[in-house]
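Trainee: Quick one: this structure, given as C-alpha cells, is what I'll be asking you about.
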Amino acid sequence: MSGTRITFLDGQAGQPQALERVIAHVRRQLDGPVGDRLRAVRRPLLAGIGASYAALALPVEVLRGHGVPAQRVLASEIEEGLGGFDTDLLVGVSQSGRSSETIAAFRAARGVPTLAVLNVTPSSLGALAGLTVDLGNEPDSCASTVGFTGTVVALDLIAGVIAGRDGDAWDGVPEQAEAVRTRAARAVASLRARAARCVAADCVASGASRVTAEEAALLLREVPRMPAAASVTRNYLHGEMESAGNTLHLVFGCGREVALARSLSAAGHLTLLVTTARVEASENLAVVRLPDSSPGARVVLETVVAQELVAALSDERNVPIESIVFINDDTKEGGIVLADFVRAAPVAVS
C-alpha cells in the first residue's frame, strides 16, 4: 500500500488538523502494551533514510537528555546486521513502510527486538516489526509535509515513554503551527525573489533543531531543486561558512545562531533566522519568531517555516512541486509510483 497522495500545498493547508489527529492517535497507541514494552528499553538504536533519518535527531536529543544512551544510523549502515552495536531495540522509521534500506536492516536484525514507526499501514516494514506505532494513514505529499511533522510527533512521544518523561508538550501545537505559517509567509515574501536567484543554501542549527536543518536542506533540493547542505552550528563556524557568496542562509536557533545570522547578514548574505529570541529584522536578515516550546514542538514549527520557504521558491523558480527528475526505482520496495509525480528536466536558474 502506498498511501493516499495529496499536493504539497494541500499538505501545508491541512497540517494543523492532521497534527491534532496524529497526536491523539499516537498517544492512544502508547497508552497500552506498546508503551509498557518501551518502558523497559535501555539502549535504543534508531535507523532511517532520507527525511526519516533527519527526524531521528530529535529522539536522540530527548533520550540523551534523560540519560538514555541512544544513537541514530543510516539504515543502509546496518543492512548486513547489527554487529558492533549494543542495543536492546532497533527503531526503524519509514513513513511509507517501503524504504528498501530500512526493510533490509530489519531483515538483518536477528535476535534484536524491533519497532517500526510508520504512516502507511499495512506495510512491508510493519510486517517485519515486533512492535509498530503508526500515524493513522494520514494523506501526505510526495515531498512530505504531514508525514514528516507527524513522524516528529510520534518520535518525541516514543522517546518520552522510553525516557520516563512525565507527560508531553503537544497540546496547542497545531494552533501554533497555523500562526507560525502566517508569520513565515510574511517573512518569506520579503526575500523570495532574491532567494530564488541564490546558487545554493546553507541550513544551520544545533541540538534538536538539527532535524529541521537536515529536513530543510532535503526539501530545498527536492522541491525548488536548489543545492543545499545542513550543518551543525559550531561546526559551521569552523570554516564551513567561508564559502558564503550568493547563497541563502537558513539559521534555526536562539543561542550562537543569533550572532551567526547577524554576522552573515551584516556581510551582505541573505539570511532567514527562525528563532524564539527577540531579534529585529534588518537589511539582508528576515526573522520568523517562534513561541517558546519543547524541543519537539519547536522542530515542528521550524519545519512549517521551511515548508513555506520551499513552496515560495518553487513558485519563484517555476519548478512544479510534484515534479521529479531522477527515478531511483530501488529506494522503495515495489518501486516508485510514477503516477504521483510529473517528470521534469533539471532546472537551470540564471
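Trainee: Using the Karplus curve 6.51 cos²θ - 1.76 cosθ + 1.60 with θ = phi - 60°, what ³J(HN,Hα) values do you get for each residue of segment 86-97, in whole Hz, with x for Gly and Pro?
Mentor: Those phi angles translate into 9, 9, 10, 7, 9, 9, x, 10, 7, 4, 7, x Hz.
Trainee: Whole-Hz ³J(HN,Hα) for each residue in segment 7-15, computed from phi via Karplus 6.51 cos²θ - 1.76 cosθ + 1.60 with θ = phi - 60°, x for glycine and proline: what do you get?
Mentor: Using θ = phi - 60°, the values come out as 6, 4, 5, 5, x, 4, 5, x, 4 Hz.
Trainee: Would you give the gap between the C-alpha center of segment 258-332 and the C-alpha center of segment 1-72, rounded to a whole Å?
Mentor: Computed from Cα coordinates, the inter-centre distance equals 22 Å.
Trainee: Still on this structure: Under 13 Å from the Cβ of Gly35, count the other residues' Cβ atoms, weight Lys and Arg +1, Asp and Glu -1, and hand me the total. Let's see the in-between values first.
Mentor: Details: positive: Arg27, Arg28, Arg37, Arg39, Arg165; negative: Asp31, Asp36, Asp168.
Net local charge, Gly35 excluded: +2.
Trainee: Would you grab the residues whose amide H sits under 5 Å from the one on Ser99? Only those 5+ places off in sequence or on another chain, please, with H modelled 1.01 Å from N.
Mentor: It is Glu333, by chain and number.
Trainee: Got a number for carbon plus sulfur as a percent of the chain's accessible area, 1.4 Å probe? Present the calculation step by step, with values, prior to reporting the outcome.
Mentor: Numbers: 7050 of 14280 Å².
Ligands and nucleic acids excluded, carbon and sulfur give 49 percent.
Trainee: Shifting gears a bit: Relative to the first principal axis of the alpha-carbon coordinates of the chain, what is the inclination of helix 256-266, with its axis defined by its Cα atoms, in degrees from 0 to 90 and to the nearest 10?
Mentor: With rounding to tens, the tilt is 30 degrees.
Trainee: Further question: Bins of 20 Å, beginning at zero and ending with the bin holding the largest distance: percent of Cα pairs per bin for the chain, please.
Mentor: Per 20 Å bin, starting at zero, the Cα-Cα P(r) for the chain comes out as 32, 59, 9 percent.
Trainee: Right, another one. How many Å² of accessible area per residue for segment 160-253, probe 1.4 Å? Write out the running numbers ahead of the final one.
Mentor: Details: 3860 Å² over 94 residues.
Heavy-atom accessible area per residue stands at 41 Å².
Trainee: Work out from phi, with θ = phi - 60° and the Karplus expression 6.51 cos²θ - 1.76 cosθ + 1.60, the ³J(HN,Hα) of each residue of segment 164-172, listed in order in whole Hz, and give x for Gly and Pro.
Mentor: Listing the rounded values in order: x, 5, 7, x, 8, 10, 8, 4, x Hz.
Trainee: Just how large is the dipole of the chain about the Cα centre, in debye to the nearest 20, putting +1 at every Lys and Arg Cβ and -1 at every Asp and Glu Cβ?
Mentor: Computed about the Cα centre, the dipole is about 360 debye.
Trainee: Moving on to the next point. Working out 0.36 nm times the residue gap between Ala267 and Arg234, then minus their Cα-Cα distance, what length gain in nm do you get to one decimal?
Mentor: Full extension of this stretch gives 10.0 nm more.
Trainee: Students often check this: by mean Cβ neighbours within 10 Å, which of 227-237, 323-333 ranks highest, and how do the rest follow?
Mentor: Numbers: 227-237: 18.0, 323-333: 13.1.
So the order, starting with the most tightly packed, is 227-237, 323-333.
Trainee: Around Phe8, with a cut-off of 10 angstrom between Cβ atoms, what is the net charge of the other residues, counting Lys and Arg +1 and Asp and Glu -1?
Mentor: On the way: positive: none; negative: Asp10, Asp140, Glu222, Glu322.
Net local charge, Phe8 excluded: -4.
Trainee: I'd like the orientation of helix 210-222 relative to the chain: the angle between its Cα long axis and the longest Cα principal axis, in ° from 0 to 90, rounded to 10.
Mentor: Tilt of helix 210-222: around 70 degrees.
Trainee: How much net charge surrounds Asp88 when only other residues with a Cβ under 13 Å from its Cβ are counted (Lys, Arg +1; Asp, Glu -1)?
Mentor: +3
Trainee: At R0 = 35 Å, how high is the FRET efficiency between Ala179 and Asp31 if r is their beta carbon distance? Nearest 0.05 is fine.
Mentor: 0.75
Trainee: With an 8 Å cut-off on Cα pairs and a minimum separation of 6 or more residues, tell me the relative contact order of segment 143-263 in percent.
Mentor: 25
Trainee: A further question follows. Under 5 Å between amide H atoms, partner at least 5 residues away or on a different chain: which partners does Ile49 have, H built in plane at 1.01 Å?
Mentor: The answer is Ala75.
Trainee: Let me ask something additional. With charges set only on the Cβ (+1 for Lys and Arg, -1 for Asp and Glu), what does the dipole of segment 1-128 come to about its Cα centre, in debye to the nearest 20?
Mentor: 260
The values are calculated or read from the model by the stated rules, or taken from the named source; none is laboratory data. If you're wondering where the values come from, they're calculated on a predicted model, not measured in any experiment. Here the Cβ is made from the backbone with ideal geometry for all residues, glycine too, and neighbour counts use every protein chain on show. Quick note on the areas: whole protein, heavy atoms, side chains included, nothing else; ligands and nucleic acids left out. Shrake-Rupley method; radii C 1.70, N 1.55, O 1.52, S 1.80 Å.
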